[in-house]
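See below for the structure under consideration.
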Amino acid sequence: MNLTQLQSLIAVADAGSFTAAADKLGVTQSGMSQALAALEESLGVKLLTRQPRGVELTAFGERALDHARTALSHLEAIEREAMALIGEETGAIRLAGFPSVFATVLPPLLRRFRTLHPGIDLVPLETDDMEVEAWLAAGSIDLGVVLNPSSARKAVPLGRDVWVPILPAAHPLSRRPSVSLAELAAAPFVLATGGCHTNARSLADAEGLTLQNVEIEVRDWSSAIALVREGAGVSLVPESTLPEQQRGFRVSKLTSPLHREFGLVASSARPLSRAGNLFVEVARRSTAPTSA
C-alpha cells in the first residue's frame, strides 16, 4: 500500500465517482483506477463496486476507508508538528494558473497547504497561460503553473496529460484505433481552448497544419465534448477532461502522441519568500513518486 492508493480510496468514497475523485486529486481517471486496482490486488479483497450512478464501497471497503482516513490524518499531524518546531509560519503567496489546473491538479494541493500552514495567506488567481507567464516575468505573482516548462526553469512537476481525439459515435474515423492530427485538422472541428493558448490550433500549427473547418470555438472542455456528442464535429482535448460517461462519442488516440505537462515555477523577478518556498516544498512532496 502507498499514500496515493489511500488518497484515491478516500477521494472516490467522498466524491462517489471516478471522474469527480480524479478531478479532486488532479490525476487522470485511468491513473486512479490503476491505483485502486493495485490496492485491491495487494489486499486480495474488493473495495469498490461500480453502480449505474457511480461507485459504492463494499462492506470491507467501508472498514478500510476508516483506516485510510486515520492514516492520512496521522501523516498530516506529523507534518504539522514538525513545522511547529520551527515556529509559526506567516506570510502571503500569490499563485496563478489557468482554468484546467484549477479544475484538476491545484485543489488538492491548495487544500493540503492550507491544512499544514493555516497562518499563510494563499491568494489563487485564475487567468490564461500567457498571462501567467507575463505575471511571472513582471514579479506580480510569487508562483505560477505553466505549460510544458523547459528544464532550465527548474519547475516542480505537477502533472502530465495526453491529448486525445474525440469523435461523434457515427463519424467514419471513430472506428479506427488511432487517427492522425492531419486527419483531425481536415475534418469539421470543435475547437476548445480551456483558457490556454496551447490548444488544438497551436498544436496543429506546430506540425505545419491548419484546422481547415472550425465549426465553433468554445472555452470550456465540457462544452466541446457536449458539441462533439451532438455531432457538431471532432475535437482534441486533454484526457483528464473526459467525463466518466462517454456515451454518444468515441475517444481515440493520436498516431503520434502529444502530451502537455504542468509545472510550478517561481517568479525570476524577485526572490521567493519563506512562505513561497514552503508551498514549493509541499508541492514537491505531494507529487513525489511513491513505491508500490
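Taking H placed 1.01 Å from N in the peptide plane, check which residues at least 5 places from D121 or on another chain put their amide H under 5 Å from its amide H. Placed amide hydrogens put G91, A92, I93 under 5 Å from D121. Taking every DSSP bridge with both residues inside segment 29-146, close to 30 percent are antiparallel.
Rounded, prolate or oblate for segment 149-292? Axes are the square roots of the Cα gyration tensor eigenvalues, ordered a ≥ b ≥ c, and the cut-off for rounded is a/c under 1.5. Taking the square roots of the gyration eigenvalues as a ≥ b ≥ c, segment 149-292 is prolate. Note on the chain: helix-only mean residue ellipticity at 222 nm, from DSSP H runs of 4+ residues weighted -39500 (n - 2.57) and normalised by residue number, equals -13000 deg cm²/dmol. A simple charge model with +1 on the Cβ of Lys and Arg, -1 on the Cβ of Asp and Glu and nothing else charged puts the dipole of the chain at about 460 debye relative to its Cα centre. Backbone geometry of segment 100-112 corresponds, through the Karplus equation with coefficients 6.51, -1.76 and 1.60 at θ = phi - 60°, to 3J(HN,Hα) couplings of 5, 6, 6, 8, 10, 7, 7, x, x, 5, 4, 5, 5 Hz, x marking Gly and Pro. Taking 30 Å as the straight-line reach from the Cα of K154, the lysines in range (excluding those fewer than 8 positions away in the same chain) are K24. Ordering K24, K253, K154 by accessible surface, largest first, gives K154, K253, K24; the 1.4 Å probe counts only protein heavy atoms, with every chain in place. To the nearest 10, the accessible area of R219 is 120 Å² with a 1.4 Å probe.
Bridges between two residues of the chain, per DSSP, are antiparallel at a rate of about 60%. Summary value for segment 65-162: 32 percent relative contact order, contacts being C-alpha pairs under 8 angstrom separated by 6+ residues. Taking amide hydrogens as placed 1.01 Å from N in the peptide plane, the amide H of S17 sits under 5 Å from those of V55, each at least 5 positions away in sequence or on another chain. 3J(HN,Hα) couplings calculated from phi for segment 208-217 with the Karplus curve 6.51 cos²θ - 1.76 cosθ + 1.60 (θ = phi - 60°) are, in sequence order, x, 10, 10, 5, 7, 8, 7, 6, 7, 10 Hz; Gly and Pro show x. Placing pseudo-labels 7 Å out from each Cα toward the beta carbon at N2 and R284 gives an inter-label distance of 1.9 nm. For segment 1-66 versus segment 194-269, the inter-centroid distance based on Cα atoms is 27 Å. Each residue of segment 66-79 was assigned a 3J(HN,Hα) from its phi angle through the Karplus curve 6.51 cos²θ - 1.76 cosθ + 1.60 (θ = phi - 60°); the sequence is 4, 5, 4, 4, 5, 4, 5, 5, 5, 5, 5, 5, 4, 5 Hz, with glycine and proline shown as x.
The values are calculated or read from the model by the stated rules, or taken from the named source; none is laboratory data. Just so you know, these numbers come straight off a predicted model, no measurement behind them. Because the Cβ atoms are built from the backbone with ideal geometry, glycine has one as well, and the counts that use them run over all protein chains shown. Protein only, heavy atoms only, side chains kept; ligands, DNA and RNA dropped before computing areas. Shrake-Rupley method; radii C 1.70, N 1.55, O 1.52, S 1.80 Å.
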